[in-house]
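Visitor: Following this message is one structure expressed as structure tokens.
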Amino acid sequence: MTRSELIAALAARFSHLPRQDVDAAVRVLLRTMRDTLAQGGRIEIRGFGSFTLHRRPPRMGRNPKTGEVVAVPAKWAPHFKPGKTLRERVDAAKSGNN
Amino acid sequence: MAAELTKAEMTEALVEQVGIPRAEAKQLVECFFETITERLVAGETVKLSGFGVFEVRDKPQRPGRNPRTGEVVPIEPRRVVTFHASNKLKEAVAHHDLVERNPEREPAVV
């Protein structure tokens, strides 16, 4: 499923809302989520999961083309931890169980 | 902005920024996550451009250990959800701690 298919699925369920509102809603939700993480915050969606940032320590890297050693500074990376309900529902659907 | 984003704040964002009535905004936020969940349960990959990709992966059985007794017990095969952030999201968060924001809120240097 892509973002536009998600919008289409939501538009079908919320057929009384103008399509452009559903479109804008998905854009706003994803932007709000991204902005929260970009400000060092976390996202906590009960049952679905949480998004946090993990720190990647600085390291010495290599330019793969020249072989030259370069310092790669520390950085933060997004991390998603699935919630209990999501974990259980997805696992229950594994082959053999459905 | 709040350090923690929950469904309540997301609902509020839809009310304020899209003008959707609160009761429906709340349902829409629920449905947003429920739809993603349903697709993952169906074994589908969910790609949200500009944010990231959710995927399900089948993990084979592997040997594990009971940390208390040291006993070897098999970890059953399971299906898990993984998330890979898009480059846009990765770039947005990578050096967030170096970006100066709202300097007037910093404690004054005496």
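Visitor: Given labels modelled 7 Å from the Cα in the Cβ direction, how far is it in nm from B:GLU55 to B:ARG22?
Guide: In this crude spin-label approximation the distance works out to 4.2 nm.
Visitor: How many percent of the alpha carbon pairs in region A:47-98 exceed a separation of 15 Å?
Guide: On the way: 891 of 1326 pairs.
Pairs farther apart than 15 Å: 67 percent.
Visitor: Right, here's the next one. Excluding same-chain residues fewer than 8 positions from A:LYS94, which lysines have a Cα within less than 17 Å of its Cα?
Guide: Qualifying lysines at Cα under 17 Å: A:LYS84, B:LYS59.
Visitor: If you add up the charges near A:LYS84, with Lys and Arg at +1 and Asp and Glu at -1, over every other residue whose beta carbon is less than 15 angstrom from its beta carbon, what do you get? It would help to have the intermediate numbers written out before the result.
Guide: On the way: positive: A:ARG46, A:LYS81, A:ARG87, A:ARG89, B:ARG78, B:ARG79; negative: A:GLU44, A:GLU88, A:ASP91.
Local net charge: +3.
Visitor: At 7 Å along Cα-to-Cβ for each site, give me the label-to-label distance between A:ALA8 and A:VAL69 in nm.
Guide: So the label points at A:ALA8 and A:VAL69 sit 5.3 nm apart.
Visitor: Shielding of A:63-76 by partners, i.e. mean partner chain Cβ atoms within 10 Å per residue?
Guide: 2
Visitor: Show me you know the interface measure: the accessible area buried between B and A, both chains summed, probe 1.4 Å, in Å² to the nearest 100. Walk me through the numbers on the way to the answer.
Guide: Values: alone 9580 and 8160 Å², together 12710 Å².
Buried surface at the B/A interface: approximately 5000 Å².
Visitor: Just the number please: accessible area per residue for chain A, 1.4 Å probe, all protein chains included, in Å². Write out the running numbers ahead of the final one.
Guide: On the way: 5610 Å² over 98 residues.
Per-residue accessible area for chain A comes out at 57 Å².
Visitor: Further question: Just counting partner chain Cβ atoms within 10 Å, what average do the residues of peptide B:23-30 show around their Cβ? Write down the numbers at each step before the final one.
Guide: On the way: counts 0, 5, 4, 0, 3, 9, 3, 2.
Partner-chain Cβ atoms within 10 Å, mean over residues of B:23-30: 3.
Visitor: Sort out for me the Cα centre separation of region B:11-58 from region A:2-47, rounded to whole Å.
Guide: Between the Cα centres of region B:11-58 and region A:2-47 lies a distance of 5 Å.
Visitor: Going by average Cβ density within 10 Å per residue, which order do the peptides A:57-65, A:34-42, B:3-11 take, highest to lowest?
Guide: Averaged packing, sorted descending, gives the order A:34-42, B:3-11, A:57-65.
Visitor: Of all the accessible heavy-atom surface of chain A, with the other protein chains kept in place and a 1.4 Å probe, what percent is carbon and sulfur?
Guide: Working: 2790 of 5610 Å².
The C+S portion of the solvent-accessible surface of chain A is 50 percent.
Visitor: Still on this structure, I have one more. Using a 1.4 angstrom probe and counting only protein chains, how large is the accessible area of B:ASP58 in Å², to 10?
Guide: Rounded to the nearest 10, that gives 90 Å².
Visitor: Please give the net charge around B:ALA92, taking every other residue with its beta carbon less than 11 angstrom from that of B:ALA92, where Lys and Arg add +1 and Asp and Glu add -1. Don't jump to the answer; show the numbers that get you there.
Guide: Details: positive: A:ARG31, A:ARG34, B:LYS88, B:LYS90; negative: A:ASP35, B:GLU91.
Taking every other residue near B:ALA92 into account, the sum is +2.
Visitor: Let me ask something additional. Per-residue accessible area for B:ARG62 at 1.4 Å probe radius, Å² rounded to 10?
Guide: Here the accessible area works out near 110 Å².
Visitor: Related question: Can you give the accessible area per residue of region B:6-60, in Å², using a 1.4 Å probe?
Guide: Numbers: 2550 Å² over 55 residues.
Using a 1.4 Å probe on heavy atoms only, each residue of region B:6-60 averages 46 Å².
The values are calculated or read from the model by the stated rules, or taken from the named source; none is laboratory data. What you see is a predicted model; the values in this text were computed from it and never measured. Positions of Cβ are generated from backbone atoms using ideal geometry, with glycine treated the same way; all protein chains shown enter the neighbour counts. Side chains are part of the model used for accessible areas, which takes the heavy atoms of the whole protein and leaves out ligands, DNA and RNA. Shrake-Rupley method; radii C 1.70, N 1.55, O 1.52, S 1.80 Å.
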